[in-house]
1. Considering only residues that are open to solvent by 10 Å² or more (accessible area, probe 1.4 Å) and of a type in the set (Val, Ile, Thr), which ones fall in the range 55-98?
2. Go through (1) assigned to a loop (DSSP other than H, G, I, E, B); (2) open to solvent by less than 60 Å² (accessible area, probe 1.4 Å); (3) in contact with a Ser or Thr (Cβ under 7 Å, 6 or more places away or on another chain) one by one and return the number of the condition Gly146 breaks.
3. What is the residue count in the range 116-143 for residues that are in contact (Cβ under 8 Å) with a residue 40 or more places away in the chain, open to solvent by 60 Å² or more (accessible area, probe 1.4 Å) and of a type in the set (A, V, I, L, M, F, W, C)?
4. Could you tell me which of the residues Ile52, Ile2 is farther than 24 Å from Asn134 by Cβ, of a type outside the set (Asp, Glu), free of Cβ contacts under 8 Å to residues at least 12 places away in the same chain and open to solvent by less than 70 Å² (accessible area, probe 1.4 Å)?
5. With the requirement that a residue be among the hydroxyl-bearing types (Ser, Thr, Tyr) and touching a strand residue (DSSP E or B) at 6+ places or on another chain (Cβ under 7 Å), what does the range 128-160 give you?
6. Going through the range 8-31 one residue at a time, which ones are open to solvent by 20 Å² or more (accessible area, probe 1.4 Å) and either without any contact (Cβ under 8 Å) to a residue 12 or more places away in the chain or within 13 Å of the chain's Cα centre (by Cα) (or both)?
7. Restricted to the range 102-115, and to residues that are over 23 Å from Lys151 (Cβ atoms) and open to solvent by less than 70 Å² (accessible area, probe 1.4 Å), which residue is modelled with the lowest pLDDT?
Amino acid sequence: MIKVGMADLNVCRAPEALTTLGLGSCIGACLYDPTTKIAGMVHYMLPDSTRITSNQNIAKFGDTGIKEVLRKMELMGARRACIVAKIAGGATMFSVSSGSGLSSLNVGNNNIESAKKNLALLGIRLVAEDVGLNYGRTIEFFAEDGSLIIKAIGKAIKTI
């Protein structure tokens with residue numbers, strides 16, 4: 001099991017698998033090519049790199065992180081036309097009043113929208129998701145079959 005930290009990414013091929021812990025408002029975006037059994041994962045914290053000028057960590061952002069996972073997978077032999085995606089995370093971990101004018105602070109929802117937008121821009125089909133709500137998740141992504149296992153405290157283990 002290859003660990004992917006926060007604001008981190010990695011790729012692998014079967015029989016390896018990827019895992020990340022502590023997805024709150026962050027997104028775990030998982031890409032998979034079933035023909036080559038190559039998988040990739042990014043654990044990103046923020047939706048858009050263009051709003052922050054001083055950070056060089058491309059895995060921290062949805063737009064640059066997803067694109068980099070795709071690039072690394074293609075270097076390993078994955079074919080973009082075959083790649084599909086699954087996402088998890090994007091929780092609302094803190095209550096934000098809708099009347100406060102602070103909707104931009106709902107990082108979880110913004111991260112979910114970023115994943116969907118950037119996958120579409122790259123031509124990657126989103127086939128499954130476990131997002132939103134108000135609890136954190138730990139995920140395991142298997143290059144053998146593209147299964148994504150989601151674990152959350154007090155919840156049944158789910159496979160998508």
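The values are calculated or read from the model by the stated rules, or taken from the named source; none is laboratory data. Remember, predicted model here, so these are calculated numbers, not experimental data. Virtual Cβ from ideal backbone geometry, glycine too; neighbours counted across all protein chains shown. SASA here: full protein model, heavy atoms, side chains in, ligands and nucleic acids out. Shrake-Rupley method; radii C 1.70, N 1.55, O 1.52, S 1.80 Å.
1. Once the filter is applied, which keeps residues that are open to solvent by 10 Å² or more (accessible area, probe 1.4 Å) and of a type in the set (Val, Ile, Thr), the range 55-98 yields Ile58, Thr64, Val84, Thr92, Val96.
2. For Gly146, the failing item is (3).
3. So the count comes out to 2.
4. Ile52 is the lone residue from the list that is farther than 24 Å from Asn134 by Cβ, of a type outside the set (Asp, Glu), free of Cβ contacts under 8 Å to residues at least 12 places away in the same chain and open to solvent by less than 70 Å² (accessible area, probe 1.4 Å).
5. Thr138, Ser147, Thr159
6. Within the range 8-31, Asp8, Leu9, Asn10, Val11, Leu21, Gly22, Ser25 meet the criteria.
7. Asn106
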